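So the structure is just underneath, and the comments pick up after that.
The values are calculated or read from the model by the stated rules, or taken from the named source; none is laboratory data. Because the structure is predicted, anything quoted here is derived from the model rather than measured. Cβ placement follows ideal geometry from the backbone for every residue including glycine, while neighbour counts extend to all protein chains displayed.
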Amino acid sequence: MQNFRNYYDILKVPKDASTEEIKRSYRKLARQYHPDLNPGDKAAEEQFKIIGEAYDVLSDAEKRSQYDQFGQYWQQQGFQKTSRPQATKKWGGQTNPFATDKVDFSEFADFQEFLDQLLERPQSKNKQKGPKVKTPRGGRRDAEARLTLPLEKAYTGGRERIRLEDGRSLEVTMPTGMVSGQRIRLKGQGTAGGDLYLKIEVSPHAFYRLEGNDIVCELPITCAEAILGGQIEAPTLDGWVNVTIPPGVRSGQRLRLGGKGYPSNGGKRGDQLVEIRIESPKNISPQERELYERIRQIETYKPRANLPI
């Protein structure tokens with residue numbers, strides 16, 4: 001075990017500090033000593049790790065309670081690996097085998113086992129015996145963080161530098177075709193050597209929307225384009241492509257662009273569905289008005305001729 005560290009002093013907060021005060025002070029110090037802002041400064045890097053260790057304990061109600069109650073043992077000079085003593089000091093009226101200056105912590109699988117024996121609590125019957133494994137202080141455990149991405153970035157994937165809430169900055173290689181709810185595992189980036197899982201959230205797009213592996217978008221066209229048809233350009237996640245509009249297309253009609261959708265788990269892509277929206281201009285030039293007047297006089301299509309009334 002390491003020599004005792006006063007986590008309150010490290011985070012520069014009083015012992016009765018609230019969780020919010022602890023978080024606020026941690027964020028300030030984490031920014032101050034962050035490796036990205038102190039390149040090559042080993043002392044700053046080590047202080048950043050110590051600050052993270054202190055926050056890991058004080059931000060967790062159960063860990064903080066244990067730290068406040070038993071922190072005095074960590075201050076003992078002999079609270080490191082040595083021979084186990086024979087002791088008869090009293091703890092709450094009972095023999096306390098640990099009330100000495102030196103304790104052999106290699107005999108305990110973890111801190112919880114130490115507390116169980118210290119307080120003479122019964123240990124779990126299901127606890128399996130075996131080789132003792134030293135775990136990092138605070139215990140190795142996985143962590144989860146949410147990462148919100150725009151649709152284009154979720155589609156392309158690739159290298160991305162992200163900044164976590166704890167102040168760390170990581171460069172991550174992300175897969176293509178990520179979807180909301182997907183989890184990406186970053187080995188060894190969790191608490192005390194555990195894994196970090198990034199939970200992906202794809203933010204809504206202003207133009208595209210996903211329907212399974214198909215991408216749907218509304219494409220505005222003019223009245224002339226709708227009547228005459230022809231080729232126009234439409235955007236896709238891969239760039240602009242030519243789309244053939246059939247003559248007499250109607251609003252709401254969908255045109256399918258094969259293989260231009262979103263990738264599935266197997267790598268096969270869906271389609272892009274282009275939903276036609278015919279728009280009329282609000283302002284037209286005198287020449288356009290003259291042409292529209294001529295068309296109205298000669299057009300043969302009567303849309304209200306067969307109303308069911």
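Points worth noting:
- Scope the range 13-65; condition among the acidic types (Asp, Glu) and assigned to a helix (DSSP H, G or I); matching residues: Glu20, Glu21, Asp36, Glu45, Glu46, Glu53, Asp56, Glu62
- Residue within the range 229-240 that is under 29 Å from Arg31 (Cα atoms) and either of a type in the set (Lys, Arg) or surrounded by fewer than 16 Cβ atoms within 10 Å (Cβ to Cβ) (or both) present: no
- Breaking point among (1) in contact (Cβ under 8 Å) with a residue 40 or more places away in the chain; (2) loosely packed, with under 12 Cβ neighbours inside 10 Å; (3) of a type outside the set (Lys, Arg); (4) within 26 Å of Met178 (Cβ to Cβ), for Pro220: (4)
Quick grid of which residues meet (1) out of contact with any strand residue (DSSP E or B) (no Cβ under 8 Å at 6 or more places or on another chain); (2) touching a residue at least 40 places away in the same chain (Cβ under 8 Å); (3) of a type in the set (D, E, K, R):
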site: Ala224; (1), (2), (3): yes, no, no
site: Gly229; (1), (2), (3): no, no, no
site: Val249; (1), (2), (3): no, no, no
site: Asp271; (1), (2), (3): no, yes, yes
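- Scanning the range 150-163 for residues that are more than 23 Å from Arg209 (Cβ to Cβ) and either touching an Asp or Glu at 6+ places or on another chain (Cβ under 7 Å) or surrounded by 15 or more Cβ atoms within 10 Å (Cβ to Cβ) (or both) turns up Arg159, Arg161, Ile162.
- Qualifying residue in the range 211-233 (condition: modelled with pLDDT under 95, under 26 Å from Ile162 (Cα atoms) and not in a helix (DSSP H, G or I)): no
- In the range 153-186, residue modelled with the highest pLDDT [restricted to those that are small (Gly, Ala, Ser) and closer than 27 Å to Arg31 by Cβ]: Ser169
- Condition check for Leu237: in contact with a helix residue (DSSP H, G or I) (Cβ under 6 Å, 6 or more places away or on another chain), of a type in the set (A, V, I, L, M) and either outside the structural domain of Ile184 (by TED's automatic domain parsing) or at pLDDT below 95 (or both): yes
- Against the numbered list (1) closer than 25 Å to Ala154 by Cβ; (2) surrounded by 16 or more Cβ atoms within 10 Å (Cβ to Cβ); (3) outside the structural domain of Leu164 (by TED's automatic domain parsing), Met178 comes up short only at (3).
- Selection within the range 280-292 - closer than 14 Å to Ala224 by Cα and not in a loop (DSSP other than H, G, I, E, B): Glu288, Arg289, Leu291, Tyr292
- Remark: Lys12 matches the filter, which requires a residue to be touching a Ser or Thr at 6+ places or on another chain (Cβ under 6 Å), without any contact (Cβ under 8 Å) to a residue 24 or more places away in the chain and farther than 21 Å from Ala192 by Cβ.
- Single residue of Gly266, Gly259 found to be modelled with pLDDT under 90, not in a helix (DSSP H, G or I) and not aliphatic (A, V, I, L, M): Gly266
- Test for Leu219: is it in contact with a Pro (Cβ under 7 Å, 6 or more places away or on another chain) and within 30 Å of Arg296 (Cα to Cα): no
- If you go through the range 241-252 and keep only what is in a strand (DSSP E or B) and either surrounded by 10 or more Cβ atoms within 10 Å (Cβ to Cβ) or of a type in the set (Val, Ile, Thr) (or both), you end up with Val241, Val243, Thr244, Ile245.
- Here Pro308 does not fit the description of being touching a residue at least 24 places away in the same chain (Cβ under 8 Å) and over 26 Å from Ile215 (Cβ atoms).
- Within the range 194-209, the set of residues being surrounded by 15 or more Cβ atoms within 10 Å (Cβ to Cβ), out of contact with any helix residue (DSSP H, G or I) (no Cβ under 8 Å at 6 or more places or on another chain) and not charged (D, E, K, R) comprises Gly194, Leu196, Tyr197, Leu198.
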